[in-house]
Amino acid sequence: MMSVPNGRLRATLFTVIVCAALPGAAVRAQDIPVPTGMRKEVITDPSLGMDAFEVFVPAKWHFQGTIIQGTTCTPTPYPVFKISSPDGLQVVERLPRMDWSWKSQPGMGQAQPQGNCLPLTKPLSAEEFAKYIAPRLNVEYVSDSPLPQAFYDQMNKNLAANQAMWDSKYRAAGMVAPHYTSSVTNSVVRYKNGSFQMKGQLSTSVDCQIAPPTARFGTSSCNATVRYEYAPEAQFAAFVPAVAPAGAVMLQPWNQAWLNRNNQQTAANIRQIQANGAAQRAQTIASAQQFQQSQDLRQHMHEQFMATLQRGTDQSLARSAQIANTNHTIAQDWVDFSLDRQTVRDPNSGQISKVSSASSYTWVDETGKTSYQTNDVNADPNGTLKGTWTRQQVVHGDGSPY
């Protein structure tokens with residue numbers, strides 16, 4: 001779009017807020033060439049003072065991203081981002097990762113979730129989670145669109161190998177490993193954006209760790225990541241393959257630095273837990289109920305171990321928060337303010353635009369591509385400038401009315 005402040009044209013860049021979630025395994029982004037037609041952006045972790053993720057973005061599209069330090073259920077940090085076409089109608093988002101956990105208490109039912117986690121107390125498949133999140137995104141769930149069978153076959157093979165690895169590790173420690181599950185799906189959604197009929201796709205992945213039935217107070221947890229891409233329905237078929245290369249890649253040096261910091265803070269507590277466990281095992285041997293008490297002790301040690309990891313991570317994140325100043329939700333109004341932008345809506349077409357906040361009144365011509373900005377409430381470009389002009393309505397950064 002072109003802006004015409006005080007009657008003179010100038011090019012205007014519209015920057016949008018970013019929301020997204022963590023990708024899969026950590027790799028070195030520099031080993032992956034930038035796809036054709038894309039450019040590379042960087043998301044920095046201010047708590048460690050180093051680049052954490054690289055994001056591939058269509059060359060002329062708008063981008064902004066940040067890193068979020070996780071939830072009380074799963075404190076591992078993750079990136080969020082949003083990239084959009086110049087007209088703002090084609091968008092790819094990585095939504096904030098959504099976590100939930102629950103405790104299995106035999107004879108007492110399910111404990112209620114706490115903190116900033118989702119209010120769920122059972123595992124969900126990717127398709128179930130997509131149906132759960134769609135109405136919360138104010139979109140209509142249309143249908144499920146499964147991936148090719150070869151993808152699921154490879155995913156199940158990797159999952160079985162991962163389960164076998166953890167079974168071996170837990171067995172060596174005298175404990176029973178949790179059961180790990182993974183599921184993915186693509187779902188078609190739709191909604192109205194003013195006069196535009198919009199079509200979207202939710203690419204959903206859910207990974208769960210289910211406590212074994214023998215655990216007296218076993219903790220289970222799930223993490224869901226969603227890639228949300230949407231465009232006008234007439235453009236959607238060509239849009240999806242065009243933005244397929246867009247996405248975030250974790251940088252291995254940052255991943256290692258984060259793990260090292262976390263491990264250093266938890267190592268001392270873990271050693272103390274192990275010492276306590278050894279003392280308790282010695283006392284248990286003398287008990288007439290040795291076998292049952294040993295089983296209970298091992299599970300109790302596991303719970304203490306997991307709680308210790310949580311405490312160590314919390315200590316790390318508390319310091320990080322002082323300099324990162326990162327919230328668990330990203331407010332689009334805040335981004336507009338920090339970028340000296342404002343969001344306006346065309347009352348006729350419903351088109352949303354990002355414009356400079358230096359002027360109080362914005363007019364857009366019939367093409368939807370040229371704007372006129374002024375601070376004079378009585379100024380009207382109709383009859384003065386060529387074309388038919390419509391005064392825009394100032395709305396929230398996400399397009400909702402005040």
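Values quoted throughout were computed directly from the atomic coordinates according to the rules given, and no laboratory measurement underlies them. Because the structure is predicted, anything quoted here is derived from the model rather than measured. Neighbour counts are summed over all protein chains in view; Cβ atoms, including those assigned to glycine, are modelled from backbone coordinates with ideal geometry.
Thinking of the range 340-395 as a set of Cα atoms, what percent of all their pairs are more than 12 Å apart?
Numbers: 927 of 1540 pairs.
Here the tail beyond 12 Å accounts for 60 percent of pairs.
Roughly how many debye, to the nearest 20, is the charge dipole of the range 340-395 about its Cα centre, given +1 on each Lys and Arg Cβ, -1 on each Asp and Glu Cβ, and no other charges? It would help to have the intermediate numbers written out before the result.
On the way: 6 positive and 6 negative charges, 34 e Å.
It works out to roughly 160 debye.
Step through the table entries K82/K386; K157/K192; K40/K354; K122/K354; K131/K157, compare each Cα-Cα distance with 30 Å, and write down the pairs that go over it. List each step's numbers first, then the result.
Working: K82/K386 35 Å; K157/K192 40 Å; K40/K354 23 Å; K122/K354 41 Å; K131/K157 26 Å.
As for pairs spanning more than 30 Å Cα to Cα, those are K82/K386; K157/K192; K122/K354.
Packing-wise, with mean Cβ within 10 Å as the measure, how do 51-64, 335-348 rank, highest first?
Working: 51-64: 19.6, 335-348: 17.6.
Most protected by this proxy first, the peptides run 51-64, 335-348.
For K60, give me every one of the aspartates and glutamates with a C-alpha distance below 14 angstrom, ignoring sequence neighbours fewer than eight places off in its own chain.
List returned: E41, D87.
Averaging over every viewing direction, what projected area does the convex hull of the Cα atoms of the range 155-253 cover, in nm²? Could the numbers behind the result be given before it?
On the way: hull surface 40.8 nm².
Projected over every direction and averaged, the Cα hull of the range 155-253 covers 10.2 nm².
May I ask for log10 I(q)/I(0) of the range 38-149 at q = 0.15, 0.17, 0.18 Å⁻¹, from a Debye sum over the Cα atoms as equal point scatterers with solvent left out?
-0.92, -1.08, -1.14
Amide H neighbours of G247 under 5 Å, counting only residues 5+ apart in sequence or on other chains, H built in-plane at 1.01 Å?
F56
Could you order the peptides 149-161, 364-376, 87-99 from most to least packed, using the average number of other C-beta atoms within 10 Å per residue? Working shown, then result.
Details: 149-161: 11.2, 364-376: 17.5, 87-99: 21.4.
Final packing ranking: 87-99, 364-376, 149-161.
Output the peptides 118-128, 177-187, 67-77 sorted from most to least packed, where packing is the average of other Cβ atoms within 10 Å over each peptide's residues. Before the final figure, lay out the partial values.
On the way: 118-128: 16.9, 177-187: 18.5, 67-77: 20.3.
Result, highest mean first: 67-77, 177-187, 118-128.
When Y170, Y228 are ordered from fewest to most other Cβ atoms inside 10 Å of their Cβ, what list results? The partial results should precede the final answer.
Numbers: Y170 16, Y228 22.
Least crowded to most crowded, the residues run Y170, Y228.
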